[in-house]
Amino acid sequence: MEQALDKGLKAALAKFTAGLSPIALTSAYSDWAMHLASAPGKRLELLEKAGKKTWRLANHAAHCIGNPDSSDTCITPLPQDRRFKDESWQKWPYNLMYQSFLLNQQWWHNATTSVEGVTQQHENVVEFASRQILDVFSPSNYALTNPEVLQQTAQQGGMNLFRGWQNFIEDFSRASSGQRPVGSEDFAVGRNMATTPGKVVFRNDLMELIQYAPTTDKIHPEPILIVPAWIMKYYILDLSEHNSLVRYLTAQGFTVFMISWKNPDADDRDLGMDDYVSSGVMDALDAVEAIGNGQKIHAVGYCLGGTLMSIAAAAMARDGDARLQSLTLLATQIDFTEAGELMLFIDESQLSLLEDLMWDQGYLDTTQMAGAFQLLRSNDLIWSRVVHDYLMGERTPMNDLMAWNADATRMPYRMHSEYLRQLFLNNDLAEGRYRVADSPIAISDIRVPVFLVGTERDHVAPWESVYKFNLLSDTDVTFVLTSGGHNAGIVSEPGHAHRHYRVREKDSDASYTDPDRWMQETSPVDGSWWPVLSTWVAERSGEKAAPPALGAKAKGYAPLCDAPGSYVFQA
């Protein structure tokens, strides 16, 4: 009863704070504040910097008064900061407003970093939280201090604000009732997304396995099994006809299988990582092997699905299971020590609160995950939308990737707790402590060739973190670094404008090259990386022959229904 009381109280608190631990934040700020209070030299340095910045701003203000049309600045925004790109920000008094904001932001960065004695985790949390607070007060976020909004208001007689208010009411109403964002109704699974023809050839309580119909007269004998992340619906790899990786691979002469995960509910609270390995990956491999007449399998994993596939591959290597022909990992982390700003939300206090929230619900809800990911890119995902949709009164047209992003899934209590603790917090997989079937596994046991993909602007799985697979593996690795972010960099079909990639192969006995040197020594190539993957897999496949049938009824894998199946429709 006492434990239930504690967990219930913390679960209620977690719902109020969107799953963020106030104790973790208080601890970080206390660590920073006490060390700063005991560092008079650092405080003098900050006082000196404040004086210099004030003097710079005063000189800039005087210059602007005498030269109102001057485009000179006293501080330049960071390359990724696009809030003040418009020429109207260079005019008085808006130039002074945004320059003052940037100087203040820079000072707070100096204040929250390089304080001796503060743990790196606490420093990162304080710097991040302070940046989020400062961003609230950016002059770009308010109609009276944003010259772009003022111009639109004058030109449209205030109709932009009227439309913006309507947009806000509509968004608030949809969010309150659990509806998807405006425009997502134009994109529907089975109608104009996830339309590649195929059959569900296996189903259990955790996943459906889809086999896609061949589109060529002959295909390579080795099938491809794709394991997507369970945090979102599988069809990011089968979006529209023009940008479907599944459709592209079938057109290149491959038999493609895809796992479609069930959207868990409270009854699935006790599903763990071992269940996702055994009832997910291993059951799928059994089915693919049977339907593919015993051919070896090209395994592909995306994001968390790649981590899961790596765990399964390491366990198979440990147990002498040689069914894999190759392993492809897309935006996948194995070592989580440098997992980007997502690690700000991973410590004992934070995980304890999150576990109590999931204990109460039985799962982690979609909205509780979305908040953390939006905070990682608040300028792009929160404040830019406030300005664009509510102050400018405009709507960004919905596209298939945005519609998919709104179709999130839940995660079971036990599985998500194990994943966060064993992989993120303890880094067990990279350090040889992760256990499958009560025995430890090692990534170095994987000896099949690996095709590894990172994306340049990934805020979920930074490419330098993905690249760390090279430190843990003892096999041939072909590493591709592609333009774009975590999702858009993977959905990078041939013909997509402004795309490029870098690629280099490393033999198992080659010496290690660090990420910075790898980047300097590897030239970019314009275009999509998909053909590189197709060629790489084809080179490790046999001669093309007649395609297999859809399913194998005699072996217990009769087709159950048409793709995309039923699990993908679970809300």
Residues in segment 371-409 that are open to solvent by less than 30 Å² (accessible area, probe 1.4 Å), at pLDDT 90 or above and in a loop (DSSP other than H, G, I, E, B) total 2
Tally, over segment 450-477, of residues that are open to solvent by 10 Å² or more (accessible area, probe 1.4 Å) and either part of a loop (DSSP other than H, G, I, E, B) or without any contact (Cβ under 8 Å) to a residue 40 or more places away in the chain (or both)
10
Scanning for something open to solvent by 50 Å² or more (accessible area, probe 1.4 Å) and of a type in the set (S, T, N, Q), does segment 481-499 turn up at least one residue?
no
Take the residues in segment 508-518 that are open to solvent by less than 90 Å² (accessible area, probe 1.4 Å) and of a type outside the set (Gly, Ala, Ser); name whichever of them is farthest from the chain's Cα centre (by Cα).
Thr513
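Could you tell me which residue of segment 201-242 is modelled with the lowest pLDDT, considering only residues that are outside any loop (DSSP other than H, G, I, E, B) and surrounded by fewer than 23 Cβ atoms within 10 Å (Cβ to Cβ)? Steps first, please.
First pass over segment 201-242, keeping only residues outside any loop (DSSP other than H, G, I, E, B): 201-203, 207-212, 219, 224-227, 232, 234-237, 241-242.
Now drop any that are not surrounded by fewer than 23 Cβ atoms within 10 Å (Cβ to Cβ), which leaves 203, 219, 232, 241-242.
Working: Arg203: 97, Ile219: 96, Met232: 85, Glu241: 94, His242: 94.
Among residues in segment 201-242 that are outside any loop (DSSP other than H, G, I, E, B) and surrounded by fewer than 23 Cβ atoms within 10 Å (Cβ to Cβ), the one modelled with the lowest pLDDT is Met232.
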Kindly provide the set of residues from segment 299-338 that are touching a residue at least 60 places away in the same chain (Cβ under 8 Å) and surrounded by fewer than 19 Cβ atoms within 10 Å (Cβ to Cβ), ordered by number.
Arg318, Thr337, Glu338
Leading residue by the ranking (most open to solvent (accessible area, probe 1.4 Å)) among those in segment 42-69 that are in contact with a helix residue (DSSP H, G or I) (Cβ under 7 Å, 6 or more places away or on another chain) and within 23 Å of Leu144 (Cβ to Cβ)
Leu57
Quick check on segment 523-569: of everything there that is part of a helix (DSSP H, G or I), open to solvent by 80 Å² or more (accessible area, probe 1.4 Å) and not charged (D, E, K, R), which residue is nearest to Ala488 (Cα to Cα)?
Phe569
Has segment 13-28 got at least one residue that is within 37 Å of the chain's Cα centre (by Cα), modelled with pLDDT under 90, more than 26 Å from Phe128 (Cα to Cα) and open to solvent by 30 Å² or more (accessible area, probe 1.4 Å)?
no
Please determine whether any residue of segment 486-500 is in contact with a His (Cβ under 7 Å, 6 or more places away or on another chain), modelled with pLDDT of 95 or more and either more than 25 Å from Ile236 (Cα to Cα) or not in a loop (DSSP other than H, G, I, E, B) (or both).
no
Would it be correct to say that Arg447 is in contact with a strand residue (DSSP E or B) (Cβ under 6 Å, 6 or more places away or on another chain), charged (D, E, K, R) and either outside any helix (DSSP H, G or I) or surrounded by fewer than 18 Cβ atoms within 10 Å (Cβ to Cβ) (or both)?
no
Inside segment 130-144, the number of residues satisfying the requirement of being closer than 27 Å to Ala111 by Cβ, open to solvent by less than 70 Å² (accessible area, probe 1.4 Å) and not β-branched (Val, Ile, Thr) is 9
Inside segment 145-167, the number of residues satisfying the requirement of being under 20 Å from Ile382 (Cβ atoms) and loosely packed, with under 15 Cβ neighbours inside 10 Å is 2
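Could you look through segment 172-194, keep only residues that are among the hydroxyl-bearing types (Ser, Thr, Tyr) and open to solvent by 40 Å² or more (accessible area, probe 1.4 Å), and pick out the one that is farthest from Val386 (Cα to Cα)?
Ser177
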Within segment 425-444, restricting attention to residues that are under 25 Å from the mean Cα position of the chain (by Cα) and not in a loop (DSSP other than H, G, I, E, B), which residue is surrounded by the fewest Cβ atoms within 10 Å (Cβ to Cβ)?
Leu425
Restricting to segment 106-121, name every residue that is open to solvent by less than 40 Å² (accessible area, probe 1.4 Å) and either farther than 17 Å from Ala39 by Cβ or part of a helix (DSSP H, G or I) (or both).
Asn110, Ala111, Thr112
Condition test on Asp81, is it part of a helix (DSSP H, G or I), touching a residue at least 24 places away in the same chain (Cβ under 8 Å) and either exposed (fewer than 14 other Cβ atoms within 10 Å of the Cβ) or acidic (Asp, Glu) (or both)?
no
Can you find, within segment 519-554, the residue that is farthest from Val453 (Cα to Cα) among those that are small (Gly, Ala, Ser) and under 31 Å from the mean Cα position of the chain (by Cα)?
Ser541
If you go through segment 243-268, how many residues are surrounded by fewer than 18 Cβ atoms within 10 Å (Cβ to Cβ), farther than 23 Å from Asp562 by Cβ and either under 24 Å from the mean Cα position of the chain (by Cα) or among the hydrophobic types (A, V, I, L, M, F, W, C) (or both)?
2
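The values are calculated or read from the model by the stated rules, or taken from the named source; none is laboratory data. Computed from a predicted model, the values in this text were never measured in an experiment. No Cβ is skipped: glycine too gets one built from the backbone with ideal geometry, and neighbour counts run over all protein chains shown. What goes into the accessible areas is simple: the full protein's heavy atoms, side chains included, and nothing from ligands, DNA or RNA. Shrake-Rupley method; radii C 1.70, N 1.55, O 1.52, S 1.80 Å.
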